[in-house]
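Just below is one structure, and these are the notes that go with it.
The values are calculated or read from the model by the stated rules, or taken from the named source; none is laboratory data. Keep in mind that what you see is a predicted model, and the values were worked out from it rather than measured. Cβ sites come from the backbone with ideal geometry, for glycine too, and all protein chains shown count toward neighbours. When the accessible area is computed, the model is the full protein with side chains, heavy atoms only, and any ligands, DNA or RNA have been set aside. Shrake-Rupley method; radii C 1.70, N 1.55, O 1.52, S 1.80 Å.
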Amino acid sequence: MPTNDAKVALACTVNGRNVSLDLDPRESLLDVLREQLALTGTKKGCDQGHCGACTVHVDGRRVLSCLTPAVQVSAQAVTTIEGVAEEAGGLHPLQRAFIDHDALQCGYCTPGQIMSGIACVAEGHCGTDDEIREYMSGNICRCAAYVGIVAAVRQTADAARNGA
């Protein structure tokens, strides 16, 4: 049986750093982030797009990295959980809010929850707790920390609206 060893060049920005790689065109963005770039904050949960643990941002939009072919992000900016910290090295406001509201238990889903929460705030989908729950519904927490997660997203959205 013949094999196809053709590689595809990928040039993109990951967490503000230029990246150039030669990839198998079948590789997922999740696998490239974790295995080739050692950015292990993005988690492999279901590997089928059902749990949200692998959520990252591509050009500011949230995507499921397990379903995204890595070659699809060519010439785009990818942000992972490792790239959301403030420039001075402090926590992102949503990371701080997760701590304040005890919005994590085992922590496995937390990076994906935070990445989705940041997008939820940026997209303006934080008018009510029900709206937050709806726009965060693609992220599953098996420990059921949902009350704290919603409170953390709400706090971050309120602070952003008030210019804090």
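Between Leu67 and Ile99, the simple label model (points 7 Å from Cα in the Cβ direction) yields a spacing of 3.3 nm.
Please work out the average accessible area per residue across the chain, using the 1.4 Å probe convention, and give it in Å². Result: 54 Å² of accessible area for each residue.
Phi angles across the stretch 121-137 convert, under the Karplus curve 6.51 cos²θ - 1.76 cosθ + 1.60 with θ = phi - 60°, into 3J(HN,Hα) values of 5, 4, 7, x, 9, 10, x, 9, 4, 4, 5, 4, 4, 4, 7, 9, 5 Hz, Gly and Pro given as x.
Per atom type, the chain shows carbon and sulfur on 50% of its accessible surface, probed at 1.4 Å. The residues His101, His50, His92, sorted by heavy-atom accessible surface at 1.4 Å with ligands and nucleic acids left out, run His50, His101, His92 from largest to smallest.
Charges were assigned to the Cβ only: +1 to each Lys and Arg, -1 to each Asp and Glu. The resulting dipole of the stretch 1-57 about its Cα centre is roughly 220 debye. Here the scattering of the chain is modelled by Debye summation over its C-alpha atoms, one equal scatterer each and no solvent; at q = 0.13, 0.14, 0.15, 0.19 Å⁻¹ the log10 of I(q)/I(0) is -0.61, -0.69, -0.79, -1.17.
Measuring between their Cα centroids, the stretch 9-33 and the stretch 98-118 lie 25 Å from each other.
Between Val147 and Glu35, the modelled label-to-label distance comes to 4.1 nm, taking each label 7 Å out from Cα in the direction of the beta carbon.
Entry note, the chain: the mean residue ellipticity at 222 nm calculated from DSSP H runs of n ≥ 4, each adding -39500 (n - 2.57), is -8500 deg cm²/dmol after division by the residues and rounding to the nearest 500.
Close amide H partners of Leu23, meaning residues 5 or more places away or on another chain with modelled amide H under 5 Å apart, are Val8, Ala9, Leu10.
Which loop GluC sites (Glu not before Pro) in the stretch 83-164, with loop taken from DSSP, have no more than 10 other Cβ atoms within 10 angstrom of their Cβ? Passing sites in the stretch 83-164 are Glu87.
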